[in-house]
Amino acid sequence: MSVPVFSMSEYDFKAALKKTKLAIIPVGSLEQHGNHLPVSTDSLIAEYIARTVAEKVNAFVLPVISYGVSFEHKPMFNVSLRNSTLSTMICDACVSLSENRVKEIIILNCHHGNMGALQYIAQELHGRLPKDVRVHTIHYWHLMNSEFDHAGEVETSLVLAIAPELVRMDRAMPNSKKLSKLKAAYNTNVPGSFPKITGNGVWGDPRKATVAKGEKWIKEITTGLSKTISELDLQ
Ligand SMILES: [Zn+2]
């Protein structure tokens, strides 16, 4: 059973609460993903994974937070929140959920630039939640064996599997500069760094993307995430 919070009524909520106290908050971003993917790519992936996993583990699915911390993509398109804004938004949502008797909250992050804000969520929430409420942050690429990219083979395959009508493979181009992993390691969160490192805002080669690869990776992510959640010793 999955319970999309966006479309439920008060009646639905009360009925579902008798069966689950677990909620998933998907977190995405609004930023350029090359000329071939939509700016909502991370949010699309976040929402899809959250819904699929909620079905397996019996959870509420909150509406996706479709803005993130994306200053690194300047001057290419991005609509960004500051770390403190994203952190405050998520912490307030967690406190509010706890007042609605939700006990376990999974923050499912699908954008690299959000990691800084999410790292301190547990500290920010300390003392604000009842003792029996727990919050877990999971970055979806940690559940994959493949290397993560940006609008490259992985993300493009995922969107091909989720919403193929939004992908323009005829415009797919790999990074236009040779990638330096070292530069990426210390530089990817610096405002404006991503286009400088990649040349065109793409990390990887989207021309290698296929629907079949996307489906395989989605299965890997959703199976891994369901397993991780089931091992959390839920209340
Ligand atoms: Zn992305």
* Does the range 51-70 contain at least one residue that is in contact with a His (Cβ under 6 Å, 6 or more places away or on another chain), more than 12 Å from the ligand (Cβ to nearest atom) and either assigned to a helix (DSSP H, G or I) or among the hydrophobic types (A, V, I, L, M, F, W, C) (or both)? -> no
* **Whichever residue in the range 1-36 is within 13 Å of the ligand (Cβ to nearest atom) and touching a Lys or Arg at 6+ places or on another chain (Cβ under 8 Å) and, among such residues, is nearest to Leu81 (Cα to Cα)** => Gly34
* Structure fact -> Counting only residues in the range 133-156 that are crowded, with 24+ Cβ neighbours inside 10 Å and under 12 Å from the mean Cα position of the chain (by Cα), the one nearest to the ligand (Cβ to nearest atom) is identified as Glu155
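Among Asp132, Asp170, which is the only one that is more than 21 Å from Val27 (Cα to Cα), part of a loop (DSSP other than H, G, I, E, B) and out of contact with any helix residue (DSSP H, G or I) (no Cβ under 7 Å at 6 or more places or on another chain)?
Every option except Asp132 fails the conditions.
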* Among all residue pairs at least 6 apart or on different chains, which show Cβ distances below 9 Å where the first residue, located in the range 31-58, is over 15 Å from Val154 (Cα atoms) and the second is assigned to a helix (DSSP H, G or I) and among the acidic types (Asp, Glu)? -> Glu31/Asp42; Glu31/Glu72
* Asked: When the range 131-186 is examined, which residues are found to be more than 22 Å from Val53 (Cβ to Cβ) and among the hydroxyl-bearing types (Ser, Thr, Tyr)?
  -> Ser176, Ser180, Tyr186
* Run Glu220 past the list (1) under 21 Å from the mean Cα position of the chain (by Cα); (2) over 29 Å from Leu22 (Cα atoms); (3) surrounded by fewer than 18 Cβ atoms within 10 Å (Cβ to Cβ); (4) at pLDDT 95 or above and report the number of the one that doesn't hold. => (2)
* Asked: Checking Thr41 against (1) surrounded by fewer than 22 Cβ atoms within 10 Å (Cβ to Cβ); (2) closer than 22 Å to Trp217 by Cβ; (3) within 11 Å of the ligand (Cβ to nearest atom), which test does it fail?
  -> (1)
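The values are calculated or read from the model by the stated rules, or taken from the named source; none is laboratory data. Computed from a predicted model, the values in this text were never measured in an experiment. When we count neighbours, we look across all protein chains shown, and the Cβ atoms used for this are built from the backbone with ideal geometry, even at glycine.
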